[in-house]
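The values are calculated or read from the model by the stated rules, or taken from the named source; none is laboratory data. Model, not experiment: these values are computed from the prediction. Cβ atoms come from the backbone with ideal geometry, glycine included; neighbour counts cover every protein chain shown.
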Amino acid sequence: MVFMIITRRFSSFRHERFLQHFLMKKLLIASNNDHKFQEFSALLAHLPLHLVKPIELGIELDVAETGESYYSNALIKARAFHQASGLPVLADDSGLEVVALDGAPSIHSHRFVPIEKASDRDRCFYLLGRLAEKPQPWIAAFQCTAMLYINHNQVYSYHGLCPGQIITDYRGENGFGYDPIFLLAGQNLTMAELSSELKNQLSHRARAIQGFDALRDWALQE
């Protein structure tokens with residue numbers, strides 16, 4: 001008798017979980033980057049959303065980021081992934097801006113190094129080489145525009161930034177890109193030294209999502 005009660009409760013629990021999952025809105029993340037998907041998963045965990053990787057749908061897009069702003073690049077990616085899937089899409093474009101380099105590398109952050117298939121370490125040390133003759137401190141900020149693309153008539157975005165400075169020490173193992181040489185303002189930690197929990201509060205991507213009211217409202221809308 002007890003076994004039957006437990007079984008029924010377990011079956012009811014599984015049924016409720018199935019319904020919750022079924023009723024969640026699907027949102028395609030417009031990136032093949034696992035680090036970025038994990039960040040978005042953590043940042044959106046409080047919302048009733050089922051996040052989808054492109055590879056789950058058999059989508060393998062390499063979108064040329066030809067825009068001249070974070071917004072335009074995010075839009076290019078969002079539109080391409082929406083056309084390929086028919087799903088609402090969350091896209092973003094981000095970059096590092098360094099005052100001593102007149103805002104570079106900015107939207108060209110990933111392609112800043114004149115080396116084919118450059119690694120993150122290559123990017124960091126190339127940037128430090130460009131800054132070597134510039135007076136310190138090397139004030140900088142990570143920038144991010146997040147975009148929700150539901151359809152061509154419903155496109156929403158929000159911009160977040162994280163201020164800090166570039167340092168010569170390569171510190172931390174938890175980040176990617178320029179994270180190990182970016183010291184956050186008000187913290188004695190690089191972006192790569194932050195715990196996942198703290199990064200999901202302070203990063204440029206976190207701040208873009210935190211202030212993205214349109215995304216939250218859409219997710220909660222019945």
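Could you look through segment 150-168, keep only residues that are outside any strand (DSSP E or B) and at pLDDT 95 or above, and pick out the one that is farthest from Asp213 (Cα to Cα)? So that I can check it myself, show each step before the final result.
At the first step, the residues of segment 150-168 found to be outside any strand (DSSP E or B) are 152-153, 167-168.
Next, only the ones that are at pLDDT 95 or above stay: 153, 167-168.
Values: Asn153: 18, Ile167: 34, Thr168: 37 Å.
Here the answer is Thr168.
Does at least one position in segment 178-190 carry a residue that is assigned to a helix (DSSP H, G or I), out of contact with any Lys or Arg (no Cβ under 7 Å at 6 or more places or on another chain), within 20 Å of His46 (Cα to Cα) and not basic (Lys, Arg)? No, there is no match, as no residue in segment 178-190 is assigned to a helix (DSSP H, G or I), out of contact with any Lys or Arg (no Cβ under 7 Å at 6 or more places or on another chain), within 20 Å of His46 (Cα to Cα) and not basic (Lys, Arg). Do we find that Ala91 is in contact with a Phe, Trp or Tyr (Cβ under 8 Å, 6 or more places away or on another chain), hydrophobic (A, V, I, L, M, F, W, C) and either surrounded by 17 or more Cβ atoms within 10 Å (Cβ to Cβ) or in contact (Cβ under 8 Å) with a residue 60 or more places away in the chain (or both) in this structure? When the stated conditions are applied, Ala91 passes them.
Of everything in segment 47-90 that is in a helix (DSSP H, G or I) and of a type in the set (D, E, K, R), the residue that is nearest to the chain's Cα centre (by Cα) is Lys77. Looking across segment 172-222, the residues that are closer than 30 Å to Asn151 by Cα, out of contact with any strand residue (DSSP E or B) (no Cβ under 6 Å at 6 or more places or on another chain) and not hydrophobic (A, V, I, L, M, F, W, C) come down to Asn200, Gln201, Gln210, Asp213, Arg216, Asp217, Gln221, Glu222. Within this structure, Ala118 fails the test of being among the aliphatic types (A, V, I, L, M) and outside any loop (DSSP other than H, G, I, E, B). Taking the listed residues Asp102, Asp120, the one that is touching a Phe, Trp or Tyr at 6+ places or on another chain (Cβ under 9 Å) and either surrounded by 14 or more Cβ atoms within 10 Å (Cβ to Cβ) or of a type outside the set (Gly, Ala, Ser) (or both) is Asp120, with no other qualifying.
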